[in-house]
Amino acid sequence: MADTDPEALERNIERTRAELAVTVDAIVDRVSPKRVAGRGVAKAKAGAQQVVAAARDMAFGVAYPAKFAEPGAYGEQDGWHDDFPPRNLAPILIGVGAVVVVGAAIALWRRRR
């Protein structure tokens, strides 16, 4: 048996320790509060960007062209907003406001009970 050799056994133990150290470091990095918070923030930002993109698409009725992303990038000369007039956002904003008010009322009601 080659494993009965003390030097080979020591090398095997050292290799196992190194692998274990790497594994423990990966676990510590994964459950670190700072890293967990960072991943949460990244997920929230991605979700917010999707919501903004969906609202933009809903408001304009089409996917928002990248060339119109900068303020002042579109104007009268291109006729873009003549082809796609912005939708009325009032019903959407009223709906969002109603959801927020109902959610706050439910939260307060549960807290007081």
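The values are calculated or read from the model by the stated rules, or taken from the named source; none is laboratory data. Everything quoted here is computed from the prediction, not taken from an experiment. Glycine also receives a Cβ, built like all others from the backbone with ideal geometry; neighbour counts cover every protein chain displayed. SASA here: full protein model, heavy atoms, side chains in, ligands and nucleic acids out. Shrake-Rupley method; radii C 1.70, N 1.55, O 1.52, S 1.80 Å.
Structure values in brief
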read-out: Single condition R56 does not satisfy, out of (1) open to solvent by 60 Å² or more (accessible area, probe 1.4 Å); (2) modelled with pLDDT of 85 or more; value: (2)
read-out: Count of residues meeting criterion [under 30 Å from I92 (Cβ atoms) and surrounded by fewer than 11 Cβ atoms within 10 Å (Cβ to Cβ)] in the range 2-53; value: 12
read-out: Where a residue in the range 4-26 is assigned to a helix (DSSP H, G or I) and its partner, wherever it lies, is surrounded by fewer than 10 Cβ atoms within 10 Å (Cβ to Cβ) and of a type in the set (G, A, S), with Cβ under 7 Å and at least six apart; value: A8/A2
read-out: Given (1) open to solvent by less than 70 Å² (accessible area, probe 1.4 Å); (2) aromatic (F, W, Y); (3) modelled with pLDDT of 75 or more, index of the condition W109 fails; value: (1)
